[in-house]
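Notes follow the structure.
The values are calculated or read from the model by the stated rules, or taken from the named source; none is laboratory data. Note that the structure is predicted; figures quoted are calculated from it, not measured. Using ideal geometry, Cβ is built from the backbone for each residue, glycine included, and neighbour counts are taken over all protein chains shown.
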Amino acid sequence: MIRGVKGSLLAAVSLALVGCAASGSEAKSASDKPAAAEKPVKFDKDPYPSTYRPYGGRPTAVRGVTIFDGEGGRIDNGVVLFAGGKVEAVGGADTAIPADFDVIDGSGKFVTPGIIDIHSHLGDYPSPSVEAHSDGNEATSPTTPEVWSEHSVWPQDPGFSRALANGGVTALQVLPGSANLMGGRSITLKNVPSRTVQGMKFPGAPYGMKMACGENPKRVYGGKGRAPSTRMGNFAVNRATWQKAAAYKKKMDDGKAVDRDLAMETLAGVLAGEILVHNHCYRADEMALVIDMSKEFGYKVSTFHHAVESYKIADILAKEGICSAMWADWWGFKMEAYDSVNENIPLVYKAGACTIVHSDDANQIQRLNQEAAKARAAGRRMGIDVSDEQAWTWLSYNPAKALGIGDKTGSLKAGKMADVVLWNGNPFSAYTRPEKVWVDGALMFDAFDPKRRPVSDFELGQPGEGDVK
């Protein structure tokens, strides 16, 4: 989503580099060799490390529930056990419950992994939505891979607690906006209250890099009388930037000294496979061109976002192992969003491609379960029978895989993070709400306990806000 343009500028950390080793065919004397201090400097890949620590939790058993395990499995009258922040066991009614576990009777209710929103701007475009809070687009150059979305995240955004309590969202990726061809680094967060963004930062999650094709970049920069102003201009600027990044990376790989370039560092990380590309792209033809460009320069697209025409090239996306993060029925608000169909998500699923439901919106993140239900219903109407438990993969395990955290969360498997939601009914019903939400086994929301309803610091003292009785 393209939002406001103005944002705060952050001071860059500089690091001086020194000369590289001499080379040549003839032998050199010891005095000709560079001193140890002259070797190329290796930069810290994460100078803003996660300080996240799970909140405290109690050993808990939820029994008598219908379980969607997040990977397409279902257990009726099941039991989920978690302790020490991890899932311990998931099984049927005969699963043994240790004597020291708190036991919750969930008869008639459902348990799922927490929802993971792969496309959010919470914190970068927080509520209230005013110009002073518009920090998601550094729209001063068509390529700004040097900016990091985490440096704009406001942890007090009330949207975080709304997503947790109303939507069962336990993790999310916060992306820069889509004004730029290369908008900067994204960050994956645990959805917990924190004083700092580092305290929310998902431990061990790789960085993402936001790209955008199509109407937004050419409109923003063409409107300023500069390139790109056309789709071919979009690709020309992209290719020139990737060419520069490839040359920068080669120098580093060859052990040569380089002047530190924060933009090139990010792109070199993409080319090395350490930073995952998340590409805003609507039209099928442009997605196909982006795939070709990625092969030209040696990087891989993790996920196409919005992707309203993914159904046209679902077989290609399946073959390439590229995910599509999609809306259930948003379309028509601009020309590149015009040729969508409500069956987009189930058609991509049927083709065997990685299928994800995303929000891109502070309100829609609170009802992603309903968005998935709409897509599933559209598929069933055209004869694509998607089970409830399979549809849940669109909300937890697939986004986790696309974010590079599928080994840690996204499904209810022994040893994974206990990111768990107890729903008061079938989560694909418009009448269902989260009853309890655990993040790493800590009870972060309880609909029946006012003390377990997180409230942003910003809301405290505001009339009608944060008033729990």
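Farther than 18 Å from Leu412 by Cβ and either out of contact with any helix residue (DSSP H, G or I) (no Cβ under 8 Å at 6 or more places or on another chain) or assigned to a loop (DSSP other than H, G, I, E, B) (or both): does that describe Gly159? Against the criterion (farther than 18 Å from Leu412 by Cβ and either out of contact with any helix residue (DSSP H, G or I) (no Cβ under 8 Å at 6 or more places or on another chain) or assigned to a loop (DSSP other than H, G, I, E, B) (or both)), Gly159 does not qualify. The conditions are (1) in contact with a helix residue (DSSP H, G or I) (Cβ under 8 Å, 6 or more places away or on another chain); (2) farther than 24 Å from Asp124 by Cβ; (3) among the aromatic types (Phe, Trp, Tyr), and Tyr338 fails exactly one of them. Which is it? Single failed check for Tyr338: (1). Against the condition hydrophobic (A, V, I, L, M, F, W, C) and in a helix (DSSP H, G or I), how does Ala378 come out, does it pass? Yes.
Against the definition (buried (at least 19 other Cβ atoms within 10 Å of the Cβ), modelled with pLDDT under 95 and outside any helix (DSSP H, G or I)), how does Ser456 come out, yes or no? Outline the logic, then answer.
Working: buried (at least 19 other Cβ atoms within 10 Å of the Cβ): yes; modelled with pLDDT under 95: yes; outside any helix (DSSP H, G or I): yes.
Judged against the criteria, Ser456 is a match.
In the range 55-99, the residue that is farthest from Gly441 (Cα to Cα) out of those that are in contact with a Phe, Trp or Tyr (Cβ under 7 Å, 6 or more places away or on another chain) and of a type in the set (S, T, N, Q) is Thr66. Checking Ala325 against (1) modelled with pLDDT of 95 or more; (2) surrounded by fewer than 21 Cβ atoms within 10 Å (Cβ to Cβ), which test does it fail? In the conditions (1) modelled with pLDDT of 95 or more; (2) surrounded by fewer than 21 Cβ atoms within 10 Å (Cβ to Cβ), Ala325 misses (2) alone.
Looking at the range 263-278, can you tell me whether even one residue there is assigned to a helix (DSSP H, G or I) and surrounded by fewer than 17 Cβ atoms within 10 Å (Cβ to Cβ)?
Applying the first criterion (assigned to a helix (DSSP H, G or I)) to the range 263-278 yields 263-271.
Adding the requirement that they be surrounded by fewer than 17 Cβ atoms within 10 Å (Cβ to Cβ) leaves none.
Taking every residue of the range 263-278 in turn, none turns out to be assigned to a helix (DSSP H, G or I) and surrounded by fewer than 17 Cβ atoms within 10 Å (Cβ to Cβ).
Only one of the numbered conditions (1) of a type outside the set (A, V, I, L, M); (2) under 23 Å from Asn398 (Cα atoms); (3) within 22 Å of the chain's Cα centre (by Cα); (4) not in a helix (DSSP H, G or I) is violated by Glu88, and that is (3). Residue pairs whose Cβ atoms lie under 8 Å apart, sitting 6 or more positions apart in sequence or on different chains, and linking a residue in the range 110-130 that is within 13 Å of Glu150 (Cα to Cα) and in contact (Cβ under 8 Å) with a residue 60 or more places away in the chain to a partner that is surrounded by 24 or more Cβ atoms within 10 Å (Cβ to Cβ) and of a type in the set (Phe, Trp, Tyr), are Leu122/Phe160; Gly123/Phe160. Residue under question is Lys408, and the condition is that it be assigned to a loop (DSSP other than H, G, I, E, B), over 18 Å from Gly72 (Cβ atoms), of a type outside the set (S, T, N, Q) and touching a strand residue (DSSP E or B) at 6+ places or on another chain (Cβ under 6 Å); does it hold? It is true that Lys408 is assigned to a loop (DSSP other than H, G, I, E, B), over 18 Å from Gly72 (Cβ atoms), of a type outside the set (S, T, N, Q) and touching a strand residue (DSSP E or B) at 6+ places or on another chain (Cβ under 6 Å).
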